[in-house]
Amino acid sequence: MGNRKVKFGVVVYPGTNCDRDTYHVIKEVAEEEAQYLWYKDTDLKGSQVVILPGGFSYGDYLRSGAIARFSPIMKAIREFAENGGLVLGICNGFQILLEAGLLPGAMLRNRGLRFICRFVDLTVENDETPFTLLYKRGEKLRIPIAHIDGNYFATPEVMAELEKRKGIIFRYVNNPNGSLHDTAGIINSRGNVLGLMPHPERASEALVGSTDGLRMFLSAAKFVRES
């Protein structure tokens, strides 16, 4: 039982383009179970961890993630999260979680108004979450970003609350987009919904230049197995 595989659900919206990369890392690299969840699905098909991957859901019309928040599957994701289920939003997935109110704050256009696609350095600020169990606080990670709306913004009250409860999980070493407090990823107050702009699935194999992202998926699987 201790080695049983954890079932990850990878959500696919019209315009999602990181679903296959994420599925590949879960199934072939992390060696866990993976299944696709279509945006019109109304249940999560037994998924134990739900991932909203990167891309351009609905073409980023209106705002990034603004239309995807109304998709049928979001009701099931919201209920899953409210019951303590692990939810990970990556890039556009993070934007969707913000628009849906599952995480606080909003995304603005990058400082400089340009799309940024490159590796960046992050620091791990909290190693006591389900997604960071296999990291160490203060550890530096090399993970790529690819976004134009990645400038995290929130009210002073929200930022103070995030800081107080160690809700900023990852920070940029050299802030590439203007995010407040160098924020690269945040978690909800319950500690089961994480959103980050960097792409851990693109940093999970040595062949692509870094394996620093792999432990995020392995941490979630470890948490579920041991819960």
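A few remarks follow.
- When each of Cys91, Cys117, Cys18 is scored by the number of other beta-carbon atoms lying within 10 Å, the sequence from fewest to most is Cys117, Cys18, Cys91.
- Stretchable slack from Lys27 to Arg109, in nm (0.36 nm times residue separation minus alpha-carbon distance): 26.2 nm
- Exposure proxy ranking, count of Cβ atoms within 10 Å, fewest first, for Leu102, Leu108: Leu108, Leu102
- Mean-square fluctuations from a GNM of the chain, with a 10 angstrom spring cutoff on Cα atoms, peak among Gly195, Gly46, Gly65 at Gly46.
- Close amide-amide hydrogen proximity is noted between Thr16 and Phe56, Tyr58, each under 5 Å apart and 5 or more residues distant or on a separate chain (H modeled in the peptide plane; Pro and chain starts excluded).
- Integer Hz, Karplus 6.51/-1.76/1.60 couplings in order for the range 66-74, x for Gly and Pro: 5, 8, 4, 4, 8, 5, x, 5, 5
- The loop-placed GluC sites (Glu not before Pro) in the range 101-146, going by DSSP, that have at most 16 neighbouring Cβ atoms within 10 Å of their Cβ come out as Glu128, Glu139.
- Whole-Hz Karplus values for the range 142-151 come out as 10, 9, x, 10, 7, 7, 10, 10, x, 8 Hz, taken residue by residue from phi with 6.51 cos²θ - 1.76 cosθ + 1.60 and θ = phi - 60°; glycine and proline positions read x.
- Virtual paramagnetic centre 7 Å along Cα→Cβ of Thr42, amide N under 18 Å, in the range 72-88: 72-80
- Coupling constants for the range 96-107 follow from the phi torsions by the Karplus curve (6.51 cos²θ - 1.76 cosθ + 1.60, θ = phi - 60°), and in residue order they are 5, 4, 5, 5, 7, x, 7, 9, x, x, 8, 10 Hz; glycine and proline get x.
- Look at Val224, Val11 and count the other Cβ atoms within 10 Å of each Cβ; fewest to most, that gives Val224, Val11.
- The chain shape via C-alpha gyration tensor axes, a/c threshold 1.5: rounded
- Paramagnetic label zone (point 7 Å from Cα along Cα-to-C-beta, Leu134; backbone N under 20 Å) in the range 75-91: 86-91
- For the range 7-226, the residue among Ile168, Val208, Tyr152 whose Cα projects farthest onto the positive side of the dipole built from Cβ charges is Tyr152.
- Cα centroid separation, the range 211-227 to the range 1-78 (Å): 16
- Linear extension gain, Phe70 paired with Phe153, 0.36 nm per residue minus alpha-carbon span: 27.7 nm
- Residues whose placed amide H lies under 5 Å from that of Asp121, excluding near-sequence neighbours: Val173, Asn174
- Asn3/Ser189 FRET efficiency (R0 45 Å; Cβ-Cβ; nearest 0.05): 0.90
- At R0 = 25 Å, FRET efficiency that the Cβ-Cβ distance of Ala206 and Val173 yields, to 0.05: 0.70
- Under 29 Å from Lys7, Cα to Cα: lysines that are on another chain or at least 8 residues apart: Lys27, Lys40, Lys45, Lys75, Lys136, Lys140, Lys166, Lys222
Every read-out reported here was derived from the displayed coordinates using simple, explicitly stated rules and does not represent laboratory data. Note that the structure is predicted; figures quoted are calculated from it, not measured. As a convention, Cβ positions derive from the backbone with ideal geometry for all residues, glycine included, and neighbour counts pool all protein chains shown.
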